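Notes follow the structure.
The values are calculated or read from the model by the stated rules, or taken from the named source; none is laboratory data. Note that the coordinates shown come from a computational prediction; the quantities given were computed from them, not determined experimentally. Counting neighbours? That spans all protein chains shown, and the Cβs are built from the backbone with ideal geometry, glycine included.
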Amino acid sequence: MYISNCLILLYIHIYIYVYVYKEIQKTDDYRFCYLGPKGSWTPFHRDVLGTFSWSVNINGSKLWYLLDASITECQKMNESPDDNKCPYNIFALQQQQQNLFQKGLICMQYPKEGIFVPSGWYHQVHNCEDTLSINHNWCNAFNIHWNWNILFCDLQNVKQSLQGFVDYDLGMDKLHMQESKQNDLDPNTVQQLLKSYTGMDLEQFVSFLEINIDHIHNCLTQHNFNLFDICVFNFSLQKSKQLIDHSLCVCSDFDSKLLQRLKTMSNHIETMFKS
């Protein structure tokens, strides 16, 4: 029971990441109410940026179909998170593909019951009657790498979609196709489209990390914590530094200001470890 409680605390601890970021940036905290009439359903999907999610029924019942992220087919979709590769309705698939759910979970959710959806799990949900639920998507040190990987893949998808574009010249009689190299793409346009597509751009992701790393630093310097709390903070900082160093290696889309902010964060974490 002690181990179980520790794991719960470790998971919930970075739960405040979303709240701290929301309060400072005045942005969406991914908490929402969902109202669906009987017979409605959500398409087969993975939650935004591969986040964890809670869903608690206030009224009504839902039928859930869930696929573990470790299943081969889900791994392929997660490695290349393209909406076109994810079926809209699992019941429209061929019978052979429907048999995927023999590897997954099917469950009913009734009023006052909550369901936790792990990071990267694909699911489709049907409202068996008029249903009202409260929901929350969130991330922590356990799945922040998922968030980055999906954001990075979405960034590549946006850039790829801009490789060939049509420019209509009013002085000509036809459309001309212009092939644009990635280096020639307007960075601001790329980031605007990324934000529209994913709900976050690179600057927001860097700010998200900064705010929460600063929050951990403030907590460590202003409060007294027991050994367990300190271990949780250290784990979060380690994961954050790994992510920052990895992103600096693989992503060439950070401008000079964002690069400097990432390097400053990495150095800041090293300093905290030494103190």
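The set of residues from the range 39-63 being crowded, with 19+ Cβ neighbours inside 10 Å, in contact with a strand residue (DSSP E or B) (Cβ under 7 Å, 6 or more places away or on another chain) and closer than 18 Å to ASP154 by Cα comprises ARG46, ASP47, THR51. Filtering the range 239-252 to residues that are closer than 19 Å to ASN188 by Cβ and either surrounded by fewer than 17 Cβ atoms within 10 Å (Cβ to Cβ) or modelled with pLDDT of 95 or more (or both) leaves only SER252.
Of all residues in the range 256-272, those that are closer than 22 Å to ASN188 by Cβ and surrounded by 13 or more Cβ atoms within 10 Å (Cβ to Cβ) total 4. Hey, does the range 125-138 have a residue that's modelled with pLDDT under 90, among the aliphatic types (A, V, I, L, M) and surrounded by fewer than 18 Cβ atoms within 10 Å (Cβ to Cβ)? The answer is no, given that none of the residues of the range 125-138 is modelled with pLDDT under 90, among the aliphatic types (A, V, I, L, M) and surrounded by fewer than 18 Cβ atoms within 10 Å (Cβ to Cβ). Only one of the numbered conditions (1) in a strand (DSSP E or B); (2) at pLDDT below 85; (3) aromatic (Phe, Trp, Tyr) is violated by TYR65, and that is (2).
Note on the range 177-197: among residues that are in a helix (DSSP H, G or I) and touching a helix residue (DSSP H, G or I) at 6+ places or on another chain (Cβ under 8 Å), the one that is modelled with the lowest pLDDT is GLN182. Of the numbered criteria (1) at pLDDT below 95; (2) under 24 Å from VAL158 (Cα atoms), the one ILE230 fails is (2).
Within the range 51-62, residues that are at pLDDT below 95 have Cβ atoms under 6 Å from residues that are among the acidic types (Asp, Glu) in these pairs: SER53/ASP47, counting only partners at least 6 apart in sequence or on another chain. Could you please let me know if GLN163 is of a type in the set (S, T, N, Q), in contact with a strand residue (DSSP E or B) (Cβ under 6 Å, 6 or more places away or on another chain) and either crowded, with 17+ Cβ neighbours inside 10 Å or assigned by TED's automatic domain parsing to the domain that holds LEU248 (or both)? Against the criterion (of a type in the set (S, T, N, Q), in contact with a strand residue (DSSP E or B) (Cβ under 6 Å, 6 or more places away or on another chain) and either crowded, with 17+ Cβ neighbours inside 10 Å or assigned by TED's automatic domain parsing to the domain that holds LEU248 (or both)), GLN163 does not qualify. Failed condition for MET200, given (1) part of a helix (DSSP H, G or I); (2) under 19 Å from the mean Cα position of the chain (by Cα), with all others met? If we test MET200 against (1) part of a helix (DSSP H, G or I); (2) under 19 Å from the mean Cα position of the chain (by Cα), just (1) comes out false. Scanning the range 228-251 for residues that are in contact (Cβ under 8 Å) with a residue 40 or more places away in the chain, within 19 Å of the chain's Cα centre (by Cα) and farther than 14 Å from PHE142 by Cα gives HIS246, SER247, VAL250, CYS251. Annotation note: Cβ proximity below 6 Å between a residue of the range 202-213 that is touching a residue at least 24 places away in the same chain (Cβ under 8 Å) and a residue that is in a helix (DSSP H, G or I) and charged (D, E, K, R) (sequence gap 6+ or interchain) occurs for VAL206/ARG261.
Can you tell me which residue is farthest from the chain's Cα centre (by Cα) among those in the range 117-166 that are charged (D, E, K, R) and under 28 Å from VAL206 (Cα atoms)? Can you show your working first?
Within the range 117-166, the first condition is being charged (D, E, K, R), and the residues that meet it are 129-130, 154, 159.
Of the ones still in play, those that are also under 28 Å from VAL206 (Cα atoms) are 154, 159.
On the way: ASP154: 11, LYS159: 19 Å.
Here the answer is LYS159.
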